[in-house]
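Comments concern the structure below.
The values are calculated or read from the model by the stated rules, or taken from the named source; none is laboratory data. Everything quoted here is computed from the prediction, not taken from an experiment. Neighbour counts run over all protein chains shown; Cβ positions are idealised from the backbone, glycine included. Remember, those area values only see protein heavy atoms, side chains included, never the ligands or the DNA or RNA. Shrake-Rupley method; radii C 1.70, N 1.55, O 1.52, S 1.80 Å.
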Amino acid sequence: MNRRAFLTLGTAAAAGLSMPAIAQGAPLRIGMITTLSGPGGYLGQDIRDAFQLAIEMDQGRLGGQAVQVVVEDDGLRPGQGKAIAERYLRNERIRLFTGVVFSNVLGAVAPDVLDADGIYVSPNAGPSNFAGRECHRNYYVVSWQNDSLHESAGQLANTLGYRRMSILAPNYQAGRDALTGFKRLYRGEVVQEIYTRLDQTDYAAELAQIRSARPDAVFQFHPGGLGIAFLRQYAQAGLLQTIPQCVAAPSLDSTTLAAVGDAAEGVNCTSHWNTDFDNAPSRRFVEAFRARYNRVPTYYAQQGYDTALAIGAALRQTRGSIDPAAFRTAMLRADFESTRGRFRFGPNQHPVQDWFHIRAERVGGNLALVTKGRVLENHGDAYAGQCRI
Amino acid sequence: MSVLLAEQLLNGLQFGVMLFLLAAGLTLVFGIMGVINLAHGSLYMIGAFGAALVANATGSWWLALLAGLAAAALVGMAMEFVVLRRLYARDHLDQVLATFGLILFFNQGIILLFGRQPLFVDLPSWFSGAVEIVPGVPYPSYRLLIIAVGLLVAAGLYVLIQHTRIGMLVRAGATHREMVRALGVDIRLLYTLVFGLGALLAGLAGLMAGPVYNVQVGMGEQILILTFVVVVIGGIGSVRGALFGALLVGLTDTMLRGFVPGFLRGMLPPDQADALGASLSSMGVYLLMALVLLIRPRGLFPAHG
């Protein structure tokens, strides 16, 4: 079961042969525990591919230090993630970790890594418990704190002038957190708060309720396949023309957009990054990713890439050392050109960044995510105040 | 309010009809052959995959229809011939174990062949719009099609079972299996045909579900539990029971999901009302089953005398 994929980088070997050896000794090993199978498998795949792209673009190095990424699939099972982390720590003597996609897996992996004096840099999950009181000196999040995704959608709903909204999410932790996050910044009236079931396939009853409540707009958080089914049925019911949707990034990335097709046209969304960002690092990344993997990068890919850049910037200053204290000083400077533009770490080592309004629109016949403007500036998260490090 | 009620009634009817297509096959197989077939949901999945793959490859809805039905029926008959035939004389535990094994087999097989990513099928173009059932309330015409097909199938099954020779054998098989055999009927052939028919109906449900729900591994198990509830409520072995049971379950589930949270909102703070409403409505169907069994322990329309 434990399919192990040692992804030694061919370019690293090639570069090592052709160029004079700058780096000393063996490459630094980075443990990547991520979700590669199941309906959420494409998230981990994009994070992994973009992380490796950043290394390839730097000739097998990050910040001048030769690195080797060891990847393994957690199968979205916290227990499996924990087992991989323990093995990497004990047998492989890896001290620098990244990759986890889902918050429940991170909850099992991060404590083990941090207790062993390892370093964890998150390319995706940013659960609230590690952002507040339980924040840690060796725990960094490059993506976002979970709540801020949905807070930005709440702010967008204010900006777009939606006064009455129906909000929906599956009845489980992340779903309830999403609705809480949305309501934190949304100033209008929530006319309906509907909890769906995680095993639900048909949303007709909920759609009829939405139709009868006549809200100005709908916010919904349905990750992965659920969201695709929800959006398709929403469009089939003819609701998309009358009641627009205003959602956060997980409900509409470029993969779900391709799967949903025309049904997604006109959906408003918020994200910290989009493929059409007009800055040099982002253009360079999108171009390289397309050329290397022949597909459009999702924002998960962008997070994987930025995580590699952030680690690279820190390694450049420490000259390849991952001594936690030195690494922390270097890491917190965030001295890299983020693909999202402005980026810095807040007091709890989570991002402080801008959030943008994205819309699914037709560009030259094809549906694409188009950036429309800024929603929040220098936005941190609600938990930073509780963190004492 | 009455508009919402009408819409929710249609939703409940459509969900019920979908459940009926699955439950009809399940109840026939159990009533006549005495086999508990947990892998019935796999046939639903296979029908959906067959149709989705052909629809995406050729773009033809008719070819997809044929492919979905053929895939489910063929796999169903092969399943009966290879596995279930050996289980008729065994007790229910063996049957449950073997057919549970089949679920794992089919799920892993689909993953190996087509991966874990869900497939997506477009609605057939002439059913992609919406019809206004009452002015101002559009209802997806494809869901109306599902209701129509389901009711047609119910009528067809009624004619087949009540007014044909095969139907007579099926009815006889459901009540006095040994007697039918003693009269010289090739009961094995009858079993294979009945199983094929059940598989065909499951495949039909699967291929119609494709454009609305996601076509993905494990889709059969999501709906299988409710199908068993339908069979138990309707009375095991009775197609009429399956119809009424399915409509009852479909309507109950939809109505509870649609109206309980709103009703509770009048009495409790909104967030509590919504959470409680969600929990209550997901229990509702099972409460209904308990209630029916309390009053009629053999279901609404028991087939065996």
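When chains B and A come together, the accessible area they lose, probed at 1.4 Å and totalled over both chains, is close to 2700 Å².
Entry note, chain A: the mean residue ellipticity at 222 nm calculated from DSSP H runs of n ≥ 4, each adding -39500 (n - 2.57), is -12000 deg cm²/dmol after division by the residues and rounding to the nearest 500.
Entry comment: accessible area of the stretch B:11-76 is 24 Å² per residue, from protein heavy atoms only and a probe of 1.4 Å.
Mean projected area of the Cα convex hull of the stretch B:158-202, taken over all directions, amounts to 3.1 nm².
Sorting B:Phe81, A:Phe219, B:Phe127 by solvent-accessible area of protein heavy atoms yields B:Phe81, B:Phe127, A:Phe219, largest first, with a 1.4 Å probe. Could you tell me whether chain A comes out rounded, prolate or oblate from its Cα gyration tensor? Rule is a ≥ b ≥ c as square roots of the eigenvalues, rounded for a/c under 1.5, then prolate if a/b exceeds b/c, otherwise oblate. Taking the square roots of the gyration eigenvalues as a ≥ b ≥ c, chain A is prolate.
Compute the acute angle (0 to 90°) between the alpha-carbon long axis of helix B:141-163 and the principal axis of greatest extent of the alpha-carbon atoms of chain B; round to the nearest 10°. Once rounded, one gets 30 degrees.
For every other residue with a beta carbon closer than 14 angstrom to the beta carbon of B:Ala174, add +1 if it is Lys or Arg and -1 if Asp or Glu, then tell me the sum. Once all neighbours under 14 Å are counted, the net charge is +4. Partnerless cysteines in chain A, where a partner means another cysteine C-beta under 4.7 angstrom, comprise A:Cys246, A:Cys269. Helix B:165-175 and the long axis of chain B differ in direction by around 90°, with both axes built from C-alpha atoms. Here's the picture: a label point sits 7 Å out from the Cα of B:Ile225 along the beta-carbon direction, and within the stretch A:180-204 the residues with their amide nitrogen under 11 Å of it are A:198-200. Ratio of Rg to Rh for the stretch B:153-305: 1.08 [Cα atoms; Kirkwood radius as inverse mean 1/r over pairs].
Sorted on the mean count of surrounding Cβ atoms within 10 Å across their residues, most packed first, peptides B:175-185, B:251-261 read B:251-261, B:175-185. In the context of the full set of protein chains, the stretch A:202-315 has a per residue accessible area of 27 Å² (1.4 Å probe).
Extending 7 Å from Cα along the Cβ direction at B:Leu152 and again at A:Gln173 yields two label points whose distance is 4.9 nm.
A compact globular protein would have a Cα radius of gyration near 2.2 N^0.38 Å; the ratio found for the stretch B:23-103 is 1.22. By definition, a body whose alpha carbon gyration tensor gives a ≥ b ≥ c is oblate when a/c is 1.5 or more and a/b is not larger than b/c, and the stretch A:152-250 fits this oblate description. With every protein chain in place and a 1.4 angstrom probe, the accessible-area ranking of B:Asp122, A:Asp306, largest first, reads B:Asp122, A:Asp306. Students often get this wrong: which residues of the stretch B:48-73 have the backbone nitrogen under 12 Å from the point 7 angstrom along Cα-to-C-beta of B:Ser125? Under cut-off, by backbone N: B:59-61. Among A:Ala26, A:Ala153, A:Ala213, the largest mean-square fluctuation in a Gaussian network model of chain A, built with springs joining Cα atoms closer than 10 Å, belongs to A:Ala26. When +1 charges are put on Lys and Arg Cβ atoms and -1 charges on Asp and Glu Cβ atoms, the dipole computed for the stretch B:10-216 relative to its Cα centre reaches about 380 debye. Each of A:Arg61, A:Arg283, A:Arg388 has its accessible area taken with a 1.4 Å probe; listed largest first, they run A:Arg388, A:Arg283, A:Arg61.
Peptide B:279-286 shows a mean partner chain C-beta count of 1 within 10 Å per residue C-beta. Annotation for the stretch A:95-150 versus the stretch B:254-295: alpha-carbon center distance of 37 Å. Among all helices in chain A defined by DSSP H, which have a length of 20 Å or more along the axis from Cα atoms plus a Kyte-Doolittle mean of at least -1.0? TM-like helix candidates: A:41-57, A:146-159, A:299-318.
Computed in the context of the full set of protein chains, the accessible area of the stretch B:10-216 at 1.4 Å probe radius has 71% of its extent on carbon or sulfur. If you plug the beta carbon distance of B:Asp186 and A:Arg87 into 1/(1 + (r/R0)^6) with R0 = 60 Å, you get a FRET efficiency near 0.50.
With a 10 Å cut-off around each Cβ of A:229-238, the average count of Cβ atoms from other chains is 5.
Using C-alpha pairs below 8 Å separated by at least 6 residues, the relative contact order for the stretch B:1-117 is 26 percent. Partner chain Cβ atoms within 10 Å, averaged over the residues of B:126-139 - can you pull that number for me? Mean inter-chain Cβ contacts per residue within 10 Å come to 2. Would you give the gap between the C-alpha center of the stretch A:227-270 and the C-alpha center of the stretch A:310-385, rounded to a whole Å? Rounded to whole Å, the Cα centres lie 26 Å apart.
The residues of the stretch B:247-270 occluded by other protein chains by 40 Å² or more of accessible area, set against the chain on its own, are B:Arg257, B:Arg265; surface from heavy atoms, 1.4 Å probe.
Taking the average, over residues, of other Cβ atoms within 10 Å as the packing measure, peptides B:18-24, B:233-239, B:84-90 rank B:18-24, B:233-239, B:84-90 from highest down. Hydrodynamic analysis of the stretch B:10-216 uses the Kirkwood radius over alpha carbon pairs. Inserted into Stokes-Einstein at 4 °C and 1.567 mPa s, it gives a translational diffusion coefficient of 72 µm²/s.
How far is helix B:92-114 tilted, in degrees, relative to the longest principal axis of the Cα atoms in chain B, given as a value from 0 to 90 rounded to the nearest 10? Computed tilt is about 70 degrees.
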